[in-house]
Amino acid sequence: WDETHFGKMGSYYINRTFFFDVHPPLGKMLIGLAGYLSGYDGTFPFQKPGDRYEQHNYVGMRAFCAFLGSCLVPFAYLTVLELSKSLPAALLTAFILIFDTGCITLSQYILLDPILMFFLMGAVLSMVKCNSCADRPFSASWWFWLSLTGVNLAGAMGVKFVGLFVVLLVGLNTIYDLWDLLGNLSLSLVMFGKHLLARVLCLILLPLALYMAMFAVHFTVLNKSGPGDGFFSSAFQSQLIGNNLHNVSIPEHLAYGSVVTMKNLRMAGGYLHSHWHLYPEGVGARQQQVTAYLHKDLNNLWIIKKHDSDTADLSHPSSPVEFVRHGDIIRLEHKETSRNLHSHQHEAPLTRKHFQVTGYGINGTGDSNDFWRIEVVGRKAGKLIKVLRSQVRLTHVATGCILGSSGKTLPKWGWEQVEVTCTPYLKESPNSLWNFEDHINPKLPNISLDVLKPSFAEILLESHMVMIRGNSGLKPKDNEVTSKPWHWPINYQGLRFSGVNETDYRVYLLGNPVIWWLNLVTIGLYLLIAVSTAVTLKRGVQLRSELKELSRVVLRGGGQITLGWLLHYLPFFMMGRVLYFHHYFPAMLFSSMLTGITWDTLLKFCTGFLSPSTTARKVYGGGFLALILLIVYSFYLFHPLSYGMVGPMASDPSSPMAGLRWMDSWEF
């Protein structure tokens with residue numbers, strides 16, 4: 001399944017080939033590093049799930065992910081132990097994570113999820129440990145745990161943007177702590193200021209510095225041209241070895257008579273392109289097609305001409321150079337076909353209410369619908385236009401619409417290139433912005449593109465814009481089966497990792513149903529206990545010391561974990577992007593910890609009413625033993641989901657999974 005993506009990206013790091021992904025780079029870099037250190041040479045193609053690795057050494061990458069996935073158990077154990085001070089609660093949490101088929105399946109392959117969850121749980125554990133050092137602030141252990149929280153936050157954010165949810169959790173915890181300190185009248189304001197500065201340093205500045213360092217390493221390692229070039233600006237591409245803009249010298253400012261290519265700024269927007277083929281009958285005016293084309297091509301070349309001088313031969317060596325300025329009205333003549341870039345009030349082929357863009361005229365002679373006003377974003381009239389750096393907008397003089405790439409793919413008659421339209425909506429977007437990439441003008445001095453090299457801050461900003469745009473572009477396709485957030489806690493539907501037929505080795509991502517349903521019931525149970533406890537305390541009921549301690553664990557410890565679950569689950573209901581079952585697993589870690597704390601509290605509370613302590617201990621121990629045996633037995637039933645099912649399908653009575661399809665929506 002996703003090994004085809006993340007294994008391939010690990011190979012790109014080993015080969016230093018530039019690529020684009022919608023997630024920040026840390027997870028893929030660590031996978032690449034694990035492969036490199038374990039002797040993988042980066043040559044396996046990772047084309048489709050089920051391809052055999054043959055002699056390729058993939059084990060190091062899988063082992064690395066499996067190791068990080070295994071660390072989730074001790075992290076959760078220590079977190080619950082710290083919050084509840086109860087060994088049975090911590091053990092129950094550990095048993096839940098050890099025997100969950102979903103956690104095992106997700107941790108044993110080359111995926112980002114175990115790496116993300118490692119840093120996420122590391123941040124939660126460090127936060128809880130730091131809270132327990134609150135009585136000795138500025139001690140070595142306090143600084144250690146506070147700094148480690150910051151390091152783990154940077155790690156979580158550096159793997160996937162959903163790491164932001166744990167940043168939010170730690171942020172809310174920090175605000176609560178500081179608010180508490182502010183109310184402590186024995187603490188001077190100077191001391192409070194020190195507390196505030198320590199948290200700013202360790203939880204804001206340190207993670208930011210580490211996060212930016214990841215990108216610095218990412219851009220340093222990936223220095224060769226690759227499949228990700230086209231997503232980035234021309235100025236960025238000029239730094240990649242093997243790209244046609246690398247080490248090139250071109251004139252810096254645009255002049256009349258220059259031959260240029262224009263690149264659309266939307267992600268994978270393509271170059272402004274035309275060819276001899278006409279629009280078919282019934283698609284606007286039957287004139288020459290104008291499209292956006294993702295590849296370099298001679299048909300991407302255009303000549304910049306003045307709108308009013310057909311006769312002046314600007315290419316004559318003796319004629320003076322005249323620069324194009326912001327606000328000028330120009331014509332763009334297609335070099336190969338000598339037709340002008342043209343628009344009119346016929347509807348565009350695919351995008352409704354947009355105007356058609358065509359090639360029109362003979363040998364550069366057309367009409368007033370060929371005139372375009374060139375404007376640079378954020379510049380004043382009369383300023384020169386820089387190649388690569390200036391973001392320009394072309395406004396059609398006659399209709400007032402703006403030239404743009406819609407991003408929609410044309411049918412076969414348009415050679416499956418991208419539609420170019422003239423939009424009457426004047427909203428600023430990358431679709432309607434362009435930059436000049438190639439620039440040929442023998443009368444102008446060439447400058448090296450190194451002069452135009454973007455700064456690290458510009459590259460960092462651009463890469464985030466591209467990632468955010470890429471994420472928002474991950475919409476569900478027509479008829480694609482996607483997962484709904486309400487499906488996840490009830491374990492409604494799993495995810496096929498590999499294999500479909502009887503002859504295949506089939507792995508299916510599905511949580512251990514007993515564990516997941518226990519977690520679901522426990523969330524309701526916890527809310528009931530927490531509300532009862534809060535009401536009891538509010539009414540001033542006198543409690544025994546052990547019950548007071550239990551109520552503190554329920555409200556403070558359980559409350560932090562519940563907040564973590566809500567922050568890692570609820571935001572998915574508001575996301576428009578395509579969602580999958582594995583997105584729930586960070587939230588599942590919190591609900592498993594909550595299960596440990598809640599059942600421990602419930603059993604202690606129930607046994608508190610039993611008089612001889614030996615009976616109470618037996619009931620308490622028996623309750624825990626029953627839960628653990630139930631979890632282990634359910635794992636024994638469902639373990640083939642993780643380790644691979646072979647032979648007949650579950651519908652066949654002779655299958656080891658016969659009778660275990662408790663829900664029709666499970667597809668194993």
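Brief remarks follow.
- Largest-first ordering by accessible area, 1.4 Å probe, given options 617, 339, 325: 617, 325, 339
- Gain on full stretching of the segment that runs from residue 85 to residue 633 - 0.36 nm per residue minus C-alpha separation: 194.5 nm
- Temperature 25 °C, viscosity 0.890 mPa s: under these conditions the Stokes-Einstein estimate for the stretch 1-100, based on its Kirkwood radius over C-alpha pairs, is 159 µm² per second.
- Whole-Å distance, taken between Cα centres, linking the stretch 114-183 and the stretch 245-298: 50 Å
- Among the cysteines of the chain, those whose beta-carbon sits 4.7 Å or more from every other cysteine beta-carbon are 65, 71, 103, 130, 133, 202, 606.
- Each peptide among 589-600, 397-408 gets the average number of other Cβ atoms lying within 10 Å of its residues, and from highest to lowest they stand as 589-600, 397-408.
- Taken one residue at a time, the phi angles of the stretch 529-537 give Karplus couplings (6.51, -1.76, 1.60, θ = phi - 60°) of 5, 5, 5, 4, 4, 4, 5, 4, 5 Hz. Gly and Pro are set to x.
- For residue 274, the amide hydrogen comes within under 5 Å of the amide hydrogens of 291, counting only partners 5 or more places away or on other chains and with H modelled in the peptide plane.
- Accessible surface ranking for 619, 324, 1.4 angstrom probe, highest first: 619, 324.
- For the chain, the longest principal axis of the Cα atoms and the long axis of helix 26-37 meet at an angle of about 80 degrees.
- Crossing angle, helix 3-15 versus the chain [Cα axis fit, 0-90 degrees, rounded to tens]: 60 degrees
- In this structure, residue 322 and residue 574 have a Cβ-Cβ separation that, at R0 = 30 Å, corresponds to a calculated FRET efficiency of about 0.05.
- DSSP bridge pairs, the chain: antiparallel proportion in percent, nearest 5: 95 percent
- Rounded accessible area of residue 507 (nearest 10 Å², 1.4 Å probe): 10 Å²
- Across the protein chains, with a 1.4 Å probe defining accessible surface, the residues 129, 427 rank 427, 129 from largest area downward.
- Between the Cα long axis of helix 613-638 and the first principal axis of the chain there is an angle of about 40°, rounded to the nearest 10.
- Considering only alpha-carbon pairs that sit under 8 angstrom and 6 or more positions apart, the relative contact order computed for the chain is 14 percent.
- Computed from backbone phi with θ = phi - 60° and the Karplus coefficients 6.51, -1.76 and 1.60, the 3J(HN,Hα) list for the stretch 96-101 is 4, 6, 5, 9, 8, 4 Hz; x is used for glycine and proline.
- Charge tally around residue 608: other residues with Cβ under 13 Å, Lys/Arg +1 each, Asp/Glu -1 each, net +1.
- More than 27 Å apart - percent of Cα-Cα pairs taken over the stretch 249-448: 22 percent
- Packing rank of 111-121, 457-467, where each peptide gets the mean count of other beta carbons within 10 Å, highest leading: 111-121, 457-467
- Summing charges over neighbours of residue 549, with a neighbour being any other residue whose Cβ is under 15 Å away from its Cβ, gives +3 when K and R count +1 and D and E count -1.
The values are calculated or read from the model by the stated rules, or taken from the named source; none is laboratory data. It should be emphasised that the depicted structure is a prediction, and the values quoted were computed from it without experimental measurement. All Cβ positions, even for glycine, are placed from backbone atoms using ideal geometry, and neighbour counts span all protein chains on display. Heavy atoms of the whole protein, side chains included, go into the accessibility calculation; ligands, DNA and RNA do not. Shrake-Rupley method; radii C 1.70, N 1.55, O 1.52, S 1.80 Å.
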